Amino acid sequence: MTSHPQEGIPVGISACLTGQEVRYNGGHKRSRYCLQVLAERFAFEPFCPELAAGLGVPREPIRLVGKTGETPRVKGSVDESLDVTERLEEVSASFIEAHRHLRGFVLMKGSPSCGLERVKVYHPNGMPSHADSGAFVRAMRRDYPELPLEEEARLNDPVLRENFITRVYALDDWKRNVEPAPSRHALIQFHSRQKFLLMAHRVETYRELGRYLGEAHDVPLEDAMIHYLQRFMAALSRPATRKSHANALMHVMGYLKRALDGDTRQDLLAAVEEYRLEQVPLAVPMRLLNHYIQRHGSDYIRAQSYLHPHPYELGLRNAI
C-alpha cells in the first residue's frame with residue numbers, strides 16, 4: 001500500500017546530511033539525493049547524537065575504542081580522558097523513546113556515532129583494532145530493531161536503495177494500519193497484503209510467519225505483534241535477488257492463469273525469464289503483470305504491496 005500522509009513519511013536523518021553545520025570541524029555533508037529526491041516523499045527529522053550529547057561545534061573528534069568482542073567506548077581522539085559513552089547512550093535512548101513514529105533513518109557513513117557498519121575501532125594504544133557500528137546505531141538496533149537503517153552513501157547502490165525505501169513503506173503500512181487499532185484481524189490483513197513482498201525477500205520467513213499466525217491464538221496480542229514485526233522487518237532487510245523476485249512473480253501469475261490466453265501467458269513467462277537472466281529490469285515484467293491484474297485480478301491480488309511497494313515516480317525498479 002503506497003498511500004501516505006500529505007506531509008510525508010517521517011524518517012530520521014543524520015543532521016549533517018541536511019546541510020546543518022554540526023560536524024566536528026564545523027562542516028556538513030549535505031545530501032542532494034536526500035534533500036532533492038527523497039524529501040519529496042519523506043518528512044526528514046534531523047538529529048545529531050554528538051551535538052545532543054553536549055559536544056560543541058567545532059569539537060575534538062571522537063572515536064571508538066575497545067577490543068574485539070567488547071562493546072567499544074567512545075572517546076576523544078586526542079584527549080584520552082574525554083569519554084562520552086554514557087552521554088551518547090543517554091541521548092540515544094531518549095531520542096528513540098520519543099521517535100517511535102519514525103519509519104526509517106538515513107545515517108552518515110563512518111561516523112563513530114551514526115556509522116552503520118565498518119566504523120574503525122581502535123586499541124587503547126591508538127592502533128586500529130577492528131570495525132563496528134556507531135554508538136547511536138547500536139542503540140537503535142537494540143531498542144528499535146525493526147527500524148530500517150541505511151547509510152546515505154549506500155543509497156547510490158540501486159539494490160540497497162530499493163531495499164531501504166521498500167522497508168520504509170512497509171513499516172509505514174504497519175504504523176498506519178496495524179498500530180492505531182491493534183487486532184489479530186489487522187495483523188492477518190497486513191500479512192495477507194505483504195505476502196508476495198515477504199516471499200520475494202525470504203520465502204522461509206513467509207512460511208514461518210504464516211504458521212506462527214495460524215498457531216498463535218493463545219499468544220498475547222502485543223507479544224504476537226512484536227514477534228511478527230521484528231521477524232518481518234528482519235526478512236525485508238535482506239535484499240531480494242533476481243531468483244527470488246522471479247519466484248514471487250511466478251506465484252503472482254498463478255492468480256491470472258485462468259483469465260489469460262496461451263500467448264499472453266507466454267509473453268509474461270518470457271518477461272520473467274528475461275528479468276531472471278538480467279536482460280531487463282524488474283519494471284518490465286512488473287508492468288506487464290500490473291496491466292493484466294488491473295483487468296483480470298481479484299481484489300486480493302490487487303492489494304498486494306509487492307506490486308506497488310513505493311510510489312511509481314521513484315522509478316527504483318527500472319534499475320534492478
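Points worth noting:
- Shape category assigned to the stretch 251-320 from the gyration tensor of Cα positions, a/c cut at 1.5: oblate
- Distance between the stretch 121-150 and the stretch 56-83 - C-alpha centres, whole angstrom: 12
- FRET efficiency estimate (nearest 0.05) - Cβ-Cβ, D218 to R287, R0 51 angstrom: 0.70
- Look at where the Cα atoms of the stretch 227-293 and of the stretch 177-211 average out, and the two centres are 18 Å apart.
- The residues of the chain expose on average 48 square angstrom of accessible surface per residue, using a 1.4 Å probe on protein heavy atoms.
- Local electrostatic count, T71, Cβ distance below 14 Å [Lys/Arg +1, Asp/Glu -1]: +1
- Pairs from K75/K109; K67/K109; K67/K175; K29/K195; K120/K195 whose Cα-Cα separation, in the structure shown, is over 28 Å: K67/K175; K29/K195; K120/K195
- Relative contact order [Cα under 8 Å, 6+ residues apart], the stretch 119-237, whole percent: 25
- Theoretical gain in end-to-end length, E80 to N318 [0.36 nm per residue, Cα-Cα removed]: 80.7 nm
- In the distance distribution for the stretch 173-250, Cα-Cα pairs more than 20 Å apart total 29 percent.
- The stretch 246-320: chymotrypsin sites (Phe, Trp or Tyr not before Pro) falling in loop per DSSP and having at most 15 other Cβ within 10 Å: none
- The residues packed around A181, meaning those with a beta-carbon under 15 Å from its beta-carbon, carry a net charge of 0 if Lys and Arg are +1 and Asp and Glu are -1.
- Accessible surface for K75 stands near 60 Å², nearest 10, in the context of the full protein assembly shown (1.4 Å probe).
- Relative contact order for the chain, counting Cα pairs under 8 Å that sit 6 or more residues apart, in percent: 15
- Report summary: the helix-based calculation at 222 nm, which adds -39500 (n - 2.57) for every DSSP H run with n ≥ 4 and divides by the residues of the chain, gives -13500 deg cm²/dmol.
- The value given for the chain is a Kirkwood hydrodynamic radius of 21.4 Å, derived from the mean inverse Cα-Cα separation.
- Three-way shape label, the stretch 147-305, alpha-carbon gyration tensor, a/c 1.5: oblate
- Note on H130: accessible area is roughly 50 Å² with a 1.4 Å probe, heavy atoms of protein only.
- Efficiency of FRET between E60 and E179 - r from beta-carbon atoms, R0 56 angstrom, step 0.05: 0.85
- Linear extension gain, N125 paired with D143, 0.36 nm per residue minus alpha-carbon span: 3.3 nm
- Taking the C-alpha atoms of the stretch 15-109, convex hull volume expressed per residue in Å³: 116
The values are calculated or read from the model by the stated rules, or taken from the named source; none is laboratory data. These figures come from a predicted structure and were not determined experimentally. All Cβ positions, glycine included, derive from the backbone under ideal geometry; neighbour counts span all protein chains shown. Accessible surface areas use protein heavy atoms only, side chains included; no ligands, DNA or RNA. Shrake-Rupley method; radii C 1.70, N 1.55, O 1.52, S 1.80 Å.
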